[in-house]
Amino acid sequence: MSRSATTCLIFGALAVFVFASAFADDVVVLTEDNFEKEVGQDRGALVEFYAPWCGHCKKLAPEYEKLGASFKKAKSVLIAKVDCDEHKSVCSKYGVSGYPTLQWFPKGSLEPKKYEGERSAEALAEFVNNEGGTNVKIAAVPSSVVVLTSENFDEIVLDEKKDVLVEFYAPWCGHCKTLAPTYEKVATALNQEEDVVIANLDADKYKDLAEKYGVSGYPTLKFFPKNNKAGEDYSAGRDLDEFVTFINEKCGTNRDAKGQLTSKAGIVEALDALVKEFISAPEEKKSVFKKLEEEADKLDGSAARYGKIYVKAAKSCLDKGSDYANKEILRLERMLAKSISDGKRDEFTLKKNILRSFVSDE
């Protein structure tokens, strides 16, 4: 067996653990408790009966995800799935003996019709439209993953101002297809980070680049930090949380799996120490403020942005009084509770995190 095939087989074992996270949030999860509350009611339902270890189910996952996302707003149709390993009685009741099995349940009926067509998002959508009387097209979902080629590889990956994670994949590799939805979510979670790039390269098409970096199995993930453009093997886990934790630790980012900034985002230890001086010695506020300005001026990259927020917050505390930080935090929390853009959410979260440093613990 080739090294490439061995790598794919090894990854297959890992894929069992990440399989659940590969499905889209837009696909409704059915269980023994909620199956008949969701299916056979006031809308038609396409249900995938699957098993976590099933290779064909893994291959279907990204297509089914696209289907769920496309029909998300179609009130007369439900796109759902049920884990037959976990809910055997449901699958047995509907005669499921192989995976994946796709069945259509008409509105108001628990008598299913088996789907026998192609397992592409487009073919499934055509079937659901015909059965459900809808006219939904598969949504073209913009990708946050940067596509690398021989023309742009060096420009992007070897940029010493960027931390870059690269997936070397092959179009025919089933495990690459399984990883794809999770990898897309990683890219989406980090897409507000200007210094971080989540990318992929078709190693089947650009064999010379794959060989250059010692790639012989798929998918292979390599990390190219700002200070090591020779690249290093990515050896962490392959579910969404593990990817994001790796990026946070290696790149100094502070994101959660949904792309939201954590409470640590924006905090600069050296400036935090000066803020403690600032709030604990009222008579020395102006001199400490000057030190804060000087220290903030030494910062670069994203830290320079945070430094400006610290300085602005300190200036406002000087001008508006010690209660300014508490009042401004409350205002920002009200803004964050509203529907706002990702950029504004980051801006307000950074300000709130930094302002908390200006609130006395007493």
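The values are calculated or read from the model by the stated rules, or taken from the named source; none is laboratory data. A quick note: this is a predicted structure, and the numbers were derived from the prediction, not measured. Counting neighbours? That spans all protein chains shown, and the Cβs are built from the backbone with ideal geometry, glycine included. Just so you know, the surface numbers come from the protein's heavy atoms only, side chains and all, with ligands and any DNA or RNA stripped out. Shrake-Rupley method; radii C 1.70, N 1.55, O 1.52, S 1.80 Å.
A few comments on the model shown:
- Under a Gaussian network description of the chain, with springs only between Cα atoms under 10 Å, the residue in Glu131, Glu249, Glu48 that fluctuates furthest is Glu249.
- Taking a ≥ b ≥ c as the square roots of the eigenvalues of the Cα gyration tensor, region 211-362 is prolate, since a/c reaches 1.5 or more and a/b is larger than b/c.
- Peptides 293-301, 199-207 ordered by packing proxy, namely the average of other Cβ atoms within 10 Å per residue, highest first: 199-207, 293-301.
- Relative to the longest principal axis of the Cα atoms of the chain, helix 3-22 runs at roughly 80 degrees.
- Reachable aspartates and glutamates from Lys114, criterion Cα separation under 16 angstrom, eight or more residues apart if same chain: Glu48, Glu126, Glu131
- Within-12-Å neighbourhood charge of Lys212 [Cβ basis; K, R +1; D, E -1]: -1
- Residue among Ser341, Ser144, Ser120 with the largest mean-square fluctuation in a Gaussian network model of the chain, springs linking Cα atoms under 10 Å: Ser341
- With the helix formula -39500 (n - 2.57) applied to DSSP H stretches of n ≥ 4, the chain reaches a computed 222 nm mean residue ellipticity of -14500 deg cm²/dmol.
- Over the C-alpha atoms of region 118-231, the Rg to Rh ratio, Rh being the Kirkwood estimate, stands at 1.08.
- Too-long pairs where the Cα-Cα distance tops 31 Å, listed order kept, from Lys162/Lys308; Lys88/Lys137; Lys75/Lys185; Lys162/Lys351; Lys73/Lys264: Lys88/Lys137; Lys73/Lys264
- Rounded accessible area of Phe71 (nearest 10 Å², 1.4 Å probe): 0
- Rounded, prolate or oblate (a/c below 1.5 giving rounded, otherwise prolate when a/b exceeds b/c) for region 184-283 by Cα gyration tensor: prolate
- Each Cα pair under 8 Å and six or more residues apart adds its separation to the average, and for region 37-136 the resulting relative contact order is 40 percent.
- Residues whose amide H falls under 5 Å from that of Val28, counting only those 5 or more places apart or on a different chain, are Ile79, Ala80, Lys81, with hydrogens built in the peptide plane.
- Per residue Cα convex hull volume in Å³ - calculated over the chain: 170
- Cα centroid separation - region 322-362 against region 216-288, whole Å: 20
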